[in-house]
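Chemist: Take this structure, written in structure tokens, and hold onto it; I'll ask about it next.
The values are calculated or read from the model by the stated rules, or taken from the named source; none is laboratory data. All of these numbers come straight from a predicted model, not from anything done at the bench. No Cβ is skipped: glycine too gets one built from the backbone with ideal geometry, and neighbour counts run over all protein chains shown.
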Amino acid sequence: MLKYLNFISKKDIKTASIGSLVIKFGSAFFAFLNGVLLARYLSIEGLGYYVLAFTTLTIISVPATIGLPNLITRYISKYEVEKNFAGMKGLLIKTNLFVLISTIVIYFIAAITYFFWWKNYDSVFVETLLYSFLLLPILGFGALRSAALRGLKLIILSELPDTLLRNFLLTILLIGCILLEYPLSPQLAIVFQIVAAGIGFLLGFLFLYKKLLNKLKKVSPIYNTKEWYVQTIPFSINSGIQIVRSKLLTYLLAIFGSIEAVAIFDVAMRGAALVSFTLNALNSAISPFISSAYEKGNTLQIQKIVKKTGRIIFAFSLPVALIFILGGKGLVMYIFGNEYAVAYFPLLILCIGQLVSAMVGSVGTLLSMTGNQKVFSNSNVIMLIINMILGVPLIMIWDEIGAALLFSAILIIQNYILLKYVQKNLNINTSIF
């Protein structure tokens, strides 16, 4: 047991990368399994309402954290190098206070808009959305806690509660519901999410308390509020736009397509997520190491990190994508059910986009961790505008296939532009070539 605890507390990049890969693989597996269970035991309409409610919560959570997790990861890593524990404590106090205040404000606005607007929507969707609001503080404070552990290079402790554990617990709850033959509804699925996220949050807080908060008890905090505020702005734009861009298509499908199209597109996205899980896993693992190397001016170390991880990312992504591409409609029908056969073509398109992204590597993470987050944020703004302009006509013409085409096209174009930027301005090549 002691050996296991020592392993998950290691700070070297090899352990972090391996641990993150294992956690993200397990998390992706259970998330995919959860998607299968929800698709099979909810109606297409029910899955659509569940996805729409969860998407709404995800977008609403953007102003609750406004890029603070990336800021915390970068500055905790920086302050650890500088032994600036007073700065660490001040940063954690200020960011947690902001999330508390912003969550209260969001609840207040939601309560007002409920009476004048969305209480008139379908009752199933309204109830599901109301339940989902209980997730807001759990996700907000959990994101800060995870970012702090990631900044300390405790990658495994950072990711375990919110990814693998949460998805595993949700799987157990869904299977229990099915075995007991209790009717599954979108509302109940959200309640299961709350329970799983709550348990994960408590474990994550225990990790942070043991590794950092307990050591900061007697430290007097220092508040570099102005500096944090300036640095938060581009991080906020990046994180906010990335979330909105990824979820915007779901809303456009609900408005200009159908609630069934929302469910079909979600099934395709869940499959494509398995292709990109390695990229997400290693991005989380390497970000504090890139930040530390940048603070030390070690460009060669950064190049070594991104090149090696880029090739690992592609090596894992390619076989997963090929399974879905070659498996065809039969594989999709076997996994999700016959009614989701039409999800194959969107899945095919999304897999191609994720493969190209894997070939380019961790370009966004590199920019964010080397003080070039403004470049990334400007790129995200432009891509969001393109998404909004082209999304409506493409979805009106081709439904979920149009959404998949736009998602992959923007992903490929943005990755190519940013790759050329870092090659020219940072003299670093994140691609596999």
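Chemist: Please count how many residues of region 76-125 are basic (Lys, Arg), farther than 15 Å from PRO221 by Cα and free of Cβ contacts under 8 Å to residues at least 40 places away in the same chain.
Modeler: Count: 1.
Chemist: Right, something else. Pull up region 79-103, narrow it to residues that are modelled with pLDDT of 95 or more and among the charged types (D, E, K, R), then point me to the one that is nearest to ILE241 (Cα to Cα).
Modeler: Within region 79-103, the match that is nearest to ILE241 (Cα to Cα) is LYS94.
Chemist: Same structure, new question: ILE255 is checked against (1) surrounded by 15 or more Cβ atoms within 10 Å (Cβ to Cβ); (2) closer than 19 Å to ILE59 by Cβ and fails just one. What number does that condition carry?
Modeler: (1)
Chemist: Can you find even one residue in region 354-362 that is under 19 Å from the mean Cα position of the chain (by Cα), at pLDDT below 95 and under 15 Å from ASN238 (Cβ atoms)?
Modeler: Checked region 354-362: at least one residue is under 19 Å from the mean Cα position of the chain (by Cα), at pLDDT below 95 and under 15 Å from ASN238 (Cβ atoms).
Chemist: Take LYS218 and decide whether it is assigned to a helix (DSSP H, G or I), out of contact with any helix residue (DSSP H, G or I) (no Cβ under 9 Å at 6 or more places or on another chain), free of Cβ contacts under 8 Å to residues at least 60 places away in the same chain and within 28 Å of ALA86 (Cβ to Cβ).
Modeler: When the stated conditions are applied, LYS218 does not pass them.
Chemist: In this structure, is PRO221 over 19 Å from ILE93 (Cβ atoms) and more than 18 Å from the chain's Cα centre (by Cα)?
Modeler: Working: over 19 Å from ILE93 (Cβ atoms): no; more than 18 Å from the chain's Cα centre (by Cα): yes.
No; evaluated as a whole, the condition is false for this residue.
Chemist: Which ones in region 385-400 are more than 11 Å from LEU249 (Cα to Cα) and either of a type in the set (A, V, I, L, M) or in contact (Cβ under 8 Å) with a residue 40 or more places away in the chain (or both)?
Modeler: From region 385-400, those more than 11 Å from LEU249 (Cα to Cα) are 385-386, 389, 393, 396-398; that's our starting set.
ILE385, ILE386, ILE389, MET396, ILE397, listed by residue number.
Chemist: Okay, next question. Which one of LEU202, LEU208 is under 26 Å from ALA31 (Cβ atoms) and buried (at least 16 other Cβ atoms within 10 Å of the Cβ)?
Modeler: Exactly one residue qualifies, and that residue is LEU208.
Chemist: Now for a separate question. Within region 384-421, how many residues turn out to be of a type in the set (A, V, I, L, M, F, W, C) and closer than 15 Å to SER357 by Cα?
Modeler: The qualifying residues number 12.
Chemist: Evaluate the following for ILE76: is it at pLDDT 85 or above, under 18 Å from the mean Cα position of the chain (by Cα) and of a type in the set (A, V, I, L, M, F, W, C)?
Modeler: no
Chemist: Given ILE290, ILE286, ILE302, which one is in contact with a Phe, Trp or Tyr (Cβ under 8 Å, 6 or more places away or on another chain), part of a helix (DSSP H, G or I), under 30 Å from ARG74 (Cα atoms) and in contact (Cβ under 8 Å) with a residue 24 or more places away in the chain?
Modeler: Checking each option against the conditions leaves just ILE302.
Chemist: Sort out for me the helices (runs of 4 or more DSSP H) sitting completely within region 80-183 that have 1 or more residues that are surrounded by fewer than 14 Cβ atoms within 10 Å (Cβ to Cβ) and not basic (Lys, Arg).
Modeler: Correct list: 85-116, 123-132, 166-179.
Chemist: In this structure, is PHE29 among the aromatic types (Phe, Trp, Tyr), at pLDDT 90 or above, surrounded by fewer than 19 Cβ atoms within 10 Å (Cβ to Cβ) and under 30 Å from PHE125 (Cβ atoms)?
Modeler: It is true that PHE29 is among the aromatic types (Phe, Trp, Tyr), at pLDDT 90 or above, surrounded by fewer than 19 Cβ atoms within 10 Å (Cβ to Cβ) and under 30 Å from PHE125 (Cβ atoms).
Chemist: Please determine whether any residue of region 258-271 is surrounded by fewer than 17 Cβ atoms within 10 Å (Cβ to Cβ) and farther than 30 Å from MET333 by Cβ. Give the derivation first.
Modeler: Of region 258-271, the ones surrounded by fewer than 17 Cβ atoms within 10 Å (Cβ to Cβ) are 258.
Restricting the remaining residues to those that are farther than 30 Å from MET333 by Cβ gives none.
No; the residues of region 258-271 include none that is surrounded by fewer than 17 Cβ atoms within 10 Å (Cβ to Cβ) and farther than 30 Å from MET333 by Cβ.
Chemist: Considering only region 358-378, state which residues are polar (S, T, N, Q) and surrounded by 22 or more Cβ atoms within 10 Å (Cβ to Cβ).
Modeler: Across region 358-378, the qualifying residues are SER362, THR365, SER368, GLN373, SER377.
Chemist: Among (1) touching a Lys or Arg at 6+ places or on another chain (Cβ under 9 Å); (2) farther than 30 Å from ILE172 by Cβ, where does LEU100 come up short?
Modeler: It is condition (1) that LEU100 fails.
Chemist: May I ask you to say which residue of TYR334, TYR294 is of a type in the set (Phe, Trp, Tyr), over 20 Å from ALA409 (Cβ atoms) and crowded, with 16+ Cβ neighbours inside 10 Å? Please lay out each step first, then the result.
Modeler: Values: TYR334 fails: crowded, with 16+ Cβ neighbours inside 10 Å.
The conditions single out TYR294.
Chemist: Separate question: Would you mind finding the one in LEU419, LEU384, LEU426 that is surrounded by fewer than 21 Cβ atoms within 10 Å (Cβ to Cβ) and modelled with pLDDT of 95 or more? First the steps, then the outcome.
Modeler: On the way: LEU384 fails: modelled with pLDDT of 95 or more; LEU426 fails: modelled with pLDDT of 95 or more.
Result: LEU419 is the single residue among LEU419, LEU384, LEU426 that is surrounded by fewer than 21 Cβ atoms within 10 Å (Cβ to Cβ) and modelled with pLDDT of 95 or more.
Chemist: Now a separate question. Would a scan of region 337-344 turn up a residue that is among the hydrophobic types (A, V, I, L, M, F, W, C), closer than 22 Å to ALA268 by Cα and either surrounded by fewer than 24 Cβ atoms within 10 Å (Cβ to Cβ) or without any contact (Cβ under 8 Å) to a residue 12 or more places away in the chain (or both)?
Modeler: yes
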